[in-house]
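A.B. asks: Could you have a look at this structure, given as structure tokens, before my questions?
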């Protein structure tokens, strides 16, 4: 299995789109760059903004296409050709209508679900075999409402649901850097409350085992001298 070398955040450029649901990919990759204090550089040959971050000795290229969403493939394919990056070495971060606000999922390959950015990338690189980080934004219910829905800001209740798992998902980079992508997926898809309970249970079992091991030695006392 290839290691991820390129992380792409999808969105639309411009201040008016900044906090819209469709820009969830931009939110995520901006947060990673901010955490790593990475500087964005405009690269006209890639039609986008590029930064580099390092995690545990591994370097990742970050890309924000500055094309509009439905032309993302032009930016992505140009950078992939230049750096000789394979589809399986790329993670694309995007908003996901089919997941509720607060859900964040990761997978490799599959369809594009009608997402214009994913569709354009798949066509430009002639492959759907790339990783996706899907940030749930929910569905308006009627497909005719989708174009307006994705270009609006999330309601307060939705944003409150999105923020905690979104922040947790930023820790994915250090897990991806370890090269164990399936472990990273398992971690991401595990409920953090359940994960904390399992950790607590493991620690309790280890403490009990240690206590049981030490008990016989403590019970033995030296013979009294006659």
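Read-outs: derived from the displayed coordinates by stated rules, not from any lab. All values derive from a computational prediction rather than experimental measurement. We place every Cβ from the backbone using ideal geometry, glycine too, and count neighbours over all the protein chains shown.
A.B. asks: Shape call for segment 112-172 from the C-alpha gyration tensor, a ≥ b ≥ c root eigenvalues: rounded (a/c under 1.5), prolate (a/b greater than b/c) or oblate?
C.D. replies: It is oblate, given that a/c is not under 1.5 and a/b is not larger than b/c.
A.B. asks: Just 209, 177, 24 to compare: in a GNM of the chain, with alpha carbon springs under 10 Å, which one fluctuates most?
C.D. replies: Fluctuation is largest for 209.
A.B. asks: What Rg and what Dmax come out for segment 1-110 when only alpha-carbon atoms are used, in angstroms?
C.D. replies: Values for segment 1-110 (Cα only, Rg and Dmax): 13.5, 39 Å.
A.B. asks: Over all pairs of distinct alpha carbons, what does the Kirkwood formula give as the hydrodynamic radius of the chain, in Å?
C.D. replies: 19.3 Å
A.B. asks: Mind checking the angle between helix 156-169 and the chain's longest principal axis? C-alpha axes, 0 to 90 degrees, to the nearest 10.
C.D. replies: Approximately 60 degrees, to the nearest 10.
A.B. asks: OK, next. Listing 95, 144 from the residue with the fewest other Cβ atoms within 10 Å to the one with the most, what is the order?
C.D. replies: Least crowded to most crowded, the residues run 144, 95.
A.B. asks: To test your reading of the geometry: what angle, between 0 and 90 degrees and rounded to tens, separates the Cα axis of helix 116-125 from the longest principal axis of the chain?
C.D. replies: Orientation of helix 116-125: about 90 degrees from the principal axis.
A.B. asks: Name the residue, out of 127, 169, 77, whose mean-square fluctuation peaks in a Gaussian network model built on the chain with Cα pairs under 10 Å.
C.D. replies: In the Gaussian network model the winner is 127.
A.B. asks: Which of 211, 161, 124 moves the most in a Gaussian network model of the chain with Cα springs under 10 Å?
C.D. replies: It is 211.
A.B. asks: How do the peptides 198-205, 179-186 rank, highest first, by the average count of neighbouring beta carbon atoms within 10 Å per residue?
C.D. replies: Per-residue Cβ counts within 10 Å, averaged per peptide and sorted highest first, yield 179-186, 198-205.
A.B. asks: Quote to one decimal, in nm, the extra length available between residue 168 and residue 204 on full extension: 0.36 nm per residue of separation minus the C-alpha distance between them.
C.D. replies: Taking residue 168 through residue 204 to full extension adds about 10.4 nm, to one decimal.
A.B. asks: Ignoring solvent entirely, what values of log10 I(q)/I(0) come out of the Debye formula for segment 167-218 at 0.13, 0.23, 0.24, 0.31 Å⁻¹ when each Cα is a single scatterer?
C.D. replies: Values returned for q = 0.13, 0.23, 0.24, 0.31 Å⁻¹ are -0.50, -0.85, -0.89, -1.07.
A.B. asks: Give me P(r) over segment 33-94, computed from all C-alpha to C-alpha distances, binned every 10 Å, as integer percentages.
C.D. replies: 20, 56, 23, 1
A.B. asks: Any number yet on Rg/Rh for segment 46-136, C-alpha, Kirkwood?
C.D. replies: 0.96
A.B. asks: Grab the beta carbon distance between residue 81 and residue 139, set R0 = 25 Å, and tell me the FRET efficiency rounded to 0.05.
C.D. replies: Computed FRET efficiency for residue 81 and residue 139 comes out at 0.10.
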